[in-house]
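Report on the following structure.
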Amino acid sequence: MITVGTDEQIRILEKLTAKAEASLRKAPEGILNVMHSAGRSQYYYKESPAERPGKYISKKNMKLAAALAQRDYDRDFVAAAAAAKKRILDSRKLGAERNISLMYDELSDVFERLSEGRRVLINPYVRPTGQFVSEWESFVYKGLSFSEDAPEIYSERGERVRSKSEKMIADKLLLMKIPYRYECPLNIGRQMPVYPDFMILDVRERKVVIYEHFGMMEDSKYACDALNKIADYEKAGYYVGMNLLFTMESSNCPLNMRLFEKKIRVRLGV
């Protein structure tokens, strides 16, 4: 598995911390008191801790409740980010790289440990893993169209794909429980977006890995286009073996699914 280094993790932490601190600078004063009655959350505004329970916040003033809840979350997030940064730097002093998934778990816990009444008011900077994956998978996009004479081939997930090999790849990703998008548009600096065969989500690192399958390598023009596409990806920051993977096949050299699975497992650490 390729790991995200200390410097990159620190950069992510500093970027997220800057967002939280900017939000804090605009935050209102006061205390948010959340109480629960008959399965519902009720919100009260307090100017001091001594007030019991405080002034009731009506639905039309929920922006105040949300701002106060976000402020409290922001404060806890900044503290958690500082603690995570210290642990990362301490690990580096010992000659070890700390896995970025630990950082994301620690930061998402700031949101997860809150009551539901507070969570519904907050826009978290790091969502719990399950929520993050669910939102990524539910993203709506328009893929490429199919020509009228194209064969109808469908993956086990029900999406139409262009070849039996792509079906095998899609079905294997589904079996391995690896989130993916098929032919989702991606802007890499060309005039028109490209449509990678698969965008695979590295859940631990919360990063997208592009996976291309080049299936007609015996065709010289197709092979040249494939090489140019790989070069375009790398110019845009997608590097082979890191956030870009691919397989190739020809009529005499079919797709090796064992090699495909091993490649995925090594890259994603699954």
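Read the figures in this text as sums done on the coordinates, not as results from a lab. Bear in mind the structure is a predicted one, so any value in this text is a computation, not a measurement. Positions of Cβ are generated from backbone atoms using ideal geometry, with glycine treated the same way; all protein chains shown enter the neighbour counts.
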Sorted by Cβ neighbour density within 10 Å, fewest at the top, the residues TYR195, TYR233, TYR239: TYR239, TYR195, TYR233
Please give the FRET efficiency for ARG52 paired with ARG25, using the beta carbon to beta carbon distance and R0 = 41 Å, rounded to the nearest 0.05. 0.85
Do the alpha carbons of any pairs in LYS86/LYS263; LYS15/LYS207; LYS142/LYS229 sit beyond 24 Å of each other, and which pairs? LYS86/LYS263
Take the alpha-carbon centre of the range 169-183, take the same for the range 53-68, and report the distance between them in whole Å. 44 Å
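Which of PHE139, PHE77, PHE260 comes first, and how do the rest follow, when ranked by fewest Cβ neighbours within 10 Å? Show your work: numbers first, answer last.
Details: PHE139 9, PHE77 25, PHE260 19.
Taking fewest neighbouring Cβ atoms as first place, the list is PHE139, PHE260, PHE77.
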Taking Lys and Arg as +1 and Asp and Glu as -1, residues besides GLY215 with C-beta under 15 Å from its C-beta add up to -3
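Please give the net charge around ALA80, taking every other residue with its beta carbon less than 12 angstrom from that of ALA80, where Lys and Arg add +1 and Asp and Glu add -1. Before the final figure, lay out the partial values.
Values: positive: ARG75, LYS85, LYS86, ARG87, ARG113; negative: ASP74, ASP76, ASP105, GLU106, ASP109, GLU112.
Here the charged neighbours net out to -1.
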At the level of C-alpha centres, the distance separating the range 86-101 and the range 230-265, in angstrom, is 30 Å
How would ILE100, ILE230 line up from fewest to most surrounding beta-carbon atoms within 10 angstrom? ILE230, ILE100
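May I ask you to derive the FRET efficiency for MET248 and LYS221 from their Cβ-Cβ distance with R0 = 22 Å, giving the value to the nearest 0.05?
On the way: r = 15 Å, r/R0 = 0.68.
My answer for the efficiency is 0.90.
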Linear extension gain, LYS59 paired with LYS142, 0.36 nm per residue minus alpha-carbon span: 26.2 nm
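Using just the helices of the chain, give the 222 nm mean residue ellipticity in deg cm²/dmol: DSSP H runs with n ≥ 4 each add -39,500 (n - 2.57), and the total is spread over all residues, rounded to 500.
Working: 8 runs with 118 residues, N = 270.
Per the formula, -14500 deg cm²/dmol.
What net charge do the residues around SER41 carry, taking every other residue with its C-beta under 14 Å from that of SER41, with Lys and Arg at +1 and Asp and Glu at -1? Don't skip to the end; give the middle numbers.
Working: positive: ARG40, LYS59, ARG118, ARG119; negative: GLU116.
So the surrounding residues net to +3.
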